[in-house]
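The values are calculated or read from the model by the stated rules, or taken from the named source; none is laboratory data. No experiment lies behind these values; they were computed from the predicted model shown. Here the Cβ positions follow ideal geometry from the backbone for every residue, glycine too, while neighbour counts run over all protein chains shown. Surface areas here come from the heavy atoms of the whole protein model, side chains and all, with no ligands, DNA or RNA. Shrake-Rupley method; radii C 1.70, N 1.55, O 1.52, S 1.80 Å.
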Amino acid sequence: MYVLVPDDPVFFAKFQSLEEPLLRHLYQLHSSGSESDDERIISDAYDSWVQVLLKLPLWSQWHTGDTSADSASADRPRYALYSARGDQLTSLYPIELTAAELGHLMACLDLFVGSDPAWHAVPGQMCAEPPDREEGLTEVFRRVMDVLLLPPPQGLLGALRRIVPEGSVVSVTLPDEQEAEYRRFCEEIVTILSAGDPFAFRSHRAMYL
């Protein structure tokens with residue numbers, strides 16, 4: 001399935017922040033010396049997290065000097081998006097995610113949501129981290145998944161999928177109908193990622209005006 005991901009440092013930072021907790025939980029379970037379903041779920045989720053990361057628009061921007069960066073990311077067309085009035089807009093990028101990638105990430109989120117604080121501790125040791133930080137992880141994870149699962153407007157998705165690499169930045173101007181779809185979709189993204197913090201919400205929303 002195709003999703004639309006914004007060229008948005010707020011989303012990228014939240015997505016990247018999942019790496020350390022996933023690896024830490026995986027290490028804790030591996031150190032316990034016994035294989036478990038939880039370890040398999042988190043391992044699959046981490047592998048899927050990496051695959052999605054390599055498809056995100058900001059990945060190629062932040063690794064332009066890294067010749068080992070994923071070729072699919074490096075070849076993704078860059079473009080400048082404009083409204084009918086000529087205002088530059090935050091770009092959205094169609095990326096293709098598999099049902100397995102999304103399923104693995106959702107299974108891990110469900111595991112974190114359903115686990116009690118004792119699950120996070122290594123046997124014989126104190127809890128690995130304060131509960132409030134753990135709640136923060138679950139909330140960030142949920143917000144990230146809500147963005148990835150947000151159904152894109154089909155007209156807007158179709159238009160952006162037609163953008164092809166041309167060796168230079170492509171300019172795309174949205175007609176009024178697609179701009180209206182764009183603004184509704186981006187408002188949903190901002191609400192998902194930043195609701196609950198008025199200052200963060202206002203600052204984030206300003207990126208899309």
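Yes or no: segment 164-176 includes at least one residue that is open to solvent by 20 Å² or more (accessible area, probe 1.4 Å), at pLDDT 90 or above and assigned to a loop (DSSP other than H, G, I, E, B). Yes, segment 164-176 contains at least one residue that is open to solvent by 20 Å² or more (accessible area, probe 1.4 Å), at pLDDT 90 or above and assigned to a loop (DSSP other than H, G, I, E, B).
For segment 123-147, taking the residues that are assigned to a helix (DSSP H, G or I) and at pLDDT below 65, the one that is surrounded by the most Cβ atoms within 10 Å (Cβ to Cβ) is identified as 134.
For segment 81-101, check the following and say yes or no: at least one residue is modelled with pLDDT of 90 or more, within 17 Å of the chain's Cα centre (by Cα), in a helix (DSSP H, G or I) and surrounded by 18 or more Cβ atoms within 10 Å (Cβ to Cβ). Checked against the condition, which is being modelled with pLDDT of 90 or more, within 17 Å of the chain's Cα centre (by Cα), in a helix (DSSP H, G or I) and surrounded by 18 or more Cβ atoms within 10 Å (Cβ to Cβ), segment 81-101 yields at least one hit. Residue 159 meets all of the listed conditions (1) over 22 Å from residue 78 (Cβ atoms); (2) open to solvent by less than 30 Å² (accessible area, probe 1.4 Å); (3) at pLDDT below 90; (4) among the aliphatic types (A, V, I, L, M) but one, namely (1).
Taking the condition more than 29 Å from residue 178 (Cα to Cα), out of contact with any strand residue (DSSP E or B) (no Cβ under 9 Å at 6 or more places or on another chain) and modelled with pLDDT under 90, does residue 29 pass? Here the answer is yes, as residue 29 does meet what is asked. Exactly one residue among 181, 177 is more than 21 Å from residue 56 (Cα to Cα), free of Cβ contacts under 8 Å to residues at least 24 places away in the same chain and of a type outside the set (Gly, Ala, Ser), and that residue is 177. Residues in segment 10-46 that are under 21 Å from residue 100 (Cα atoms), free of Cβ contacts under 8 Å to residues at least 24 places away in the same chain and in a helix (DSSP H, G or I): 23, 26, 37, 39, 40, 43. Exactly one residue among 150, 157 is part of a loop (DSSP other than H, G, I, E, B) and of a type in the set (A, V, I, L, M, F, W, C), and that residue is 150.
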